[in-house]
1. Show me, for segment A:30-37, the HN-Hα J-couplings you get by feeding each phi into the Karplus relation (A = 6.51, B = -1.76, C = 1.60, θ = phi - 60°), rounded to Hz, glycine and proline as x.
2. Please give the peptides A:13-20, A:105-112 ranked by average Cβ packing (other Cβ atoms within 10 Å per residue), highest first, as a rough proxy for protection.
3. For segment B:13-129, I need the span (max minus min coordinate) of the C-alpha atoms along each principal axis, in Å, sorted largest to smallest.
4. Ordered by residue, what ³J(HN,Hα) values in Hz, to whole numbers, does segment A:60-75 give under the Karplus form 6.51 cos²θ - 1.76 cosθ + 1.60, where θ = phi - 60° and Gly and Pro are x?
5. Please report, in debye to the nearest 20, how large the charge dipole of segment B:13-129 is about its Cα centre when each Lys and Arg carries +1 at its beta carbon and each Asp and Glu carries -1 there.
6. Using amide H atoms built 1.01 Å from N in the peptide plane, name the residues 5+ places from A:Ser83, or on other chains, whose amide H lies under 5 Å from its own.
7. Multiplying the sequence separation of B:Ser115 and B:Gln28 by 0.36 nm and subtracting their Cα-Cα distance, what value in nm do you get?
8. So what's the back-of-envelope 222 nm ellipticity for chain A, counting only DSSP H runs of four-plus at -39500 (n - 2.57) apiece and dividing by all residues, rounded to 500?
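Derivation of every value follows stated rules applied to the coordinates shown; laboratory data play no part. None of these values were measured; they are calculated from a predicted model. Every residue, glycine among them, receives a Cβ derived from its backbone with ideal geometry; neighbour counts consider all protein chains shown.
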Amino acid sequence: MISVMIADDSDAIRMVLKDIITIGQHNLAGELNSGVEALEEYTKLKPDIFLLDMAMPKKDGLSVLKEIIGFDPNAKVIMISASDNQDTVKECIRLGARAYILKPFNFQEVLDIITQVVKS
Amino acid sequence: MTTHQPVPHGYNLARHDEFLEMARKEIQSEIDILKEALFSCTNDEQFYKKSREIEKHMHKIKGLAPMMMQEKVGEIAQISDRILKHVINHGVLKGSRDIISDAVQRMSYLFNRDSNIGINDFRKQAMDVYPKIA
C-alpha cells in the first residue's frame, strides 16, 4: 500500500484528494492545510508520495519543495497547481518534483501519476 | 498535462454535494476578499501595489471553479490571472484595475445569480484591450 501525504490550503481540494487516495486503495499518511509544518510532518511520516499544492498562504509549495528535497533528495513530491506556466513547471522539475498535476484534475489522472512516480 | 472532467463516474453523490458546498464557500470567500481589495484601489497604480495579493485569490478561483463545473467563472479567473501576472512582472498597466473589477463583478454574478449568461463580451474586451496578454 502506498502512503500519501497531502498539503493544500483548500478544504474542498483536500477532500477530493483524500477520496482519490481511498479510491486508489492507498493510505493517507497525513494532511496539511499549509506549508508551514510540511518538513516536520514529512520527516515524521515519511510518506511514499507527497502531493503538494503550489499556491498556499504563509509558505508556498515551491519553498516547501526546496526544503523537502534539501532534506531528502529522493523524496517523491508531486506538485499540484492551477498554473500552466511552463517556466513554473520547469522550475518545479528542476528542483526535484517528480510530476506536475494541473487543476482541474481527474481522479484517474492523479492515480496514474502516483503509480508512475512510485515505480520510477 | 491534460485536463479532464473532474468528477468520475460512480463518485459518491453525497460526497460530491459536500465537495460542492465546501468549494462554493471557498470561492465565495475569495470573491468577497477580491471585492474588498479592489474597492480600496481607485487607480491602476494602487492596483499594481496590491496585484500580488489579488493574484493569490484569483489563482485559487482559477483552480477550484472548474472542478465544481463553474467553467465560465474559471475562464474569467484564468484571463484575469494572466493580466495580473503581467502587472506583477511588468508594473502598472493602463486599464487593469477596471478590467479586473469587471471580472470580479461578472464572476460574482455568474456564481450567485445566473450561471447561464455568456462571457464572450468579456473575452472580447480582454483580447481587444490586451491582445498579447489575455
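1. x, 9, 10, 9, 7, x, 4, 9
2. On the way: A:13-20: 20.5, A:105-112: 18.4.
Ranked from most to least packed, the peptides come out as A:13-20, A:105-112.
3. If we take the Cα atoms of segment B:13-129, the spans are 46, 26, 22 Å.
4. With coefficients 6.51, -1.76 and 1.60, one gets 7, x, 5, 5, 5, 4, 4, 4, 5, 5, x, 7, 9, x, 9, 4 Hz.
5. Working: 19 positive and 19 negative charges, 52 e Å.
Here the size comes out at about 240 debye.
6. A:Lys103
7. Numbers: separation 87, 0.36 × 87 = 31.32 nm, distance 1.43 nm.
Gain on stretching B:Ser115 to B:Gln28: 29.9 nm.
8. Values: 5 runs with 55 residues, N = 120.
Rounded to the nearest 500, it is -14000 deg cm²/dmol.
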